[in-house]
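Have a look at the structure below before the remarks.
The values are calculated or read from the model by the stated rules, or taken from the named source; none is laboratory data. Fair warning: this is a prediction, and the values are worked out from it, not measured in the lab. For neighbour counting, all protein chains shown are included, and Cβ atoms are generated from backbone atoms with ideal geometry for every residue, glycine included. What goes into the accessible areas is simple: the full protein's heavy atoms, side chains included, and nothing from ligands, DNA or RNA. Shrake-Rupley method; radii C 1.70, N 1.55, O 1.52, S 1.80 Å.
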Amino acid sequence: MFLRRLLFLISSSALLGLAVPQSDLFTPAYAVAPVQAQGTVTGVRVEGTRRIDEAAVLAAIGLRTGDKLNAQKVRRDLKAVYNTGWFVDVVVDLVDEDGGYVVVFRVKEKPAIREVNIEGEKKLDEDDILEVVDVRAFSVLNPATIADTMQKIRDLYIEKGYYLAEVEFETSPIGEDQVDVTFTVTENRKVVVQRVDLNGNDHIQSKKIKRFLQIKEGGIAPWLTSTGNFDRDLIDADVETVRFVFLEEGFVDVQVDRPKVYLSPDKRFIFLSYHIEEGEQYDVGELDVVGDFIEEEGLTHEAAMQIVGGRQVPDIQEQQWRIDSKRKTRALQIESKTTKLVTGRRFKASDLHLVMSNIQSFYEDQGYAFVNIIPLTSPNPDSQTVDITFQVQVGEKQRIGRINITGNDPTFDKIVRREILINEGEVYRGSLIKASRVRLERLGFFDEVNVSTPRGDGANVLDLNLQVSEQPTGSFSLGMGYSNLESFVLTASVSKNNFLGLGYTMSAAINWSALRRQGNLSLFDPHFLASRWSALINLYSQEQSFQLDEFQRGATIGFGRYLDVRDDMQLRFDYTIKDVGLNNITPFQQHALGGDLYRNGLTSTVGLDLSVDKRNNRIFPTQGWYASVNTSLSGGFRLNEDKVLSLLGGEFNFVETQANLRWYKPLIKDTDKFVLRLNTTLGQVASTDGRVVPLIHRYRAGGINSVRGYNWFSLGPSVRAIPSDDPVRADDNLIVGGTQTWINNLEIETPIIRAAGIKAVLFFDAGNAFGDPWGNDTLHPFDLRSAYGAGVRWQSPIGPLRF
């Protein structure tokens, strides 16, 4: 027997062509009839689905086979099915079957969306709006998704300063069960913050406060930038910013009210007004630390007070940790931390936070990851001092469980793990985790490095999770250009700073022009065979005719060893063998300086290089410094007037020493808007067999890679050349190169279009080569040749370009 009982019926309009508030548009009307049937649920079915998967609907239903049938459960499930937002009608039927009832949910799906359109947008690009639209073609029309998308479009306009923008939507039926959705934007005028007023700030100038606010005055041309945009979500943050500025100047009792916001009658401008009560200015009073101390681990009251008092942190023994599978150990000396909290000195909020951070790091480096430092302040209005007591709550000592790495594709796990200074099973060390993050960022392989320490398996165990975001580390370029010096130029290059995901640096390049023909191939492994050694191999061939027709062909192989735990300092040994010389030597050149100056031959060289790298990023540095000193010996040296000891072979015997310093500093703290760069190089070469150092190994300055604004190799000592016996023809000056060089490059670089990688640069170069062929003249600062100018740099998809 077939028994059909209507339990609930929910109906709603198809919502086609309507634009009314959501509360009126999508609220269902429930009609409830009491359930007369009693029995057991023998099955649950869904009928009427076309695009929606039946399993997805059943997942929202709580009734299961074997449950007792009652009205409350059916009503609950009917609501759940309707609230999925997929259906316009839901009907529940009961079907007698096997002594019980099969509960059948008969549904009618909402129409599918054929396409989504945006209308009315003028100030924003349609593609930018579509990026925030969650409504997708071929999905079911869902009121919650529609409402969420409308709010996202409004938020996007608010972010751009169009605070009065309005968004509506409408649906247009296409056939029986499809609709087009159109979002119509009424942009209205851009609302600009015209003025920010500060009242009550008697001791601190308004301009000093305003520069830290996120909601700023629009200025002269607010439509060109985001300056002047108003965002209510930033008001609370700006209130705290104003308060912090006063706390930094010692106004402990400062009160800052939420700003009053006024809209101009024409709805084009917004005015903000802050009311401030400064209070009195306080100095630092008595200082103390209370709470949990652990004498046996050096976490004593005296040690904590030394941090608070600005003295050096005591020697906390040297922290030991493993650096490879062979259980070798190295020591980390905890850096000295100082502070400016001194009794009688003006109170500063930043000093207070610095002391809290230093005490926290002090405990974290002994494994107390959850140490809590609470500053208790007690102002004394009579003496205008504030006593500060730091309360320490230690918690349990923690160990590192698993180290999990995600996002490193294509970089191998081992490349990331070798930069981590702490291992699984070791005691938690806060400073080592922070240093590990810095090391990963400095590689230049990752755009972002996030570190978290969630609870692990077991008591007092923390997992170390590192989530990295890979960034492009390679470039490929193939092009042809024209230079006023080299005529047509053909270039091709490929480079990869994380070759094969193994951390190798690989590069290959070819440059071909009327004056230059060169190619090179190099491979550098910063951790050879997963050790603390590095390895380098470089093959190259070069011919150039800027001043003379020169050639160099050779190879270099080198090995280095890291000398410190952070891999900042490296000592490297290398060997180079190359064939060098000049083509088309004139008769005059053949006899110049007894035939020694223009010699060709094989050069065999060993070198030793010490470098220290403290840059924040080794590919695109914006802060820090790099320094290197290297010396090399070619051939051998003279023992006496008759004999030269040739240790390495080759045709030339000389020793060369070079020093290089590169320094980077942002002119605006903690930003890369303006970065000052300094590069200075000093070099000296001296003969070890008494003969003149040949021209091919002497220093010559000028060109884009040394002193810009001068032709290649046009700077340096020269000699008078008599090319012919013609008495009318003038003598030539023949550049012979120097035995010393000093090159200086000073730059200020700033991004122009950050997203496109385009930067502008101002530069000043000063340099020259010194020393006559016999090495008698010495380097002199007043003989430096200088040049200045501007340029544009583009980190293009095909490689870095300079103009």
Cross-link partners of K73 among lysines (Cα-Cα below 22 Å; sequence separation of 8 or more within a chain): K108
Calculated P(r) of segment 145-291 - Cα pairs past 29 Å, %: 38
Cα-based radius of gyration of segment 36-174 once divided by 2.2 N^0.38 Å, which approximates compact folds: 1.43
Restricting segment 89-144 to GluC sites (Glu not before Pro) in coil, as DSSP defines it, with at most 15 other Cβ within 10 Å: E131
Heavy atoms of K68 accessible to a 1.4 Å probe, total area in Å² rounded to 10: 130
14 Å beta-carbon shell around E115, net charge (K/R +1, D/E -1): -2
Candidate residues S628, S714: accessible-area rank, largest first, probe 1.4 Å: S714, S628
Filter on K190/K673; K152/K496; K152/K348; K414/K496; K216/K267; K152/K669 - keep pairs with C-alpha separation over 29 Å: K152/K496; K152/K348; K152/K669
Local net charge near A237, Cβ-Cβ under 12 Å (Lys/Arg +1, Asp/Glu -1): -2
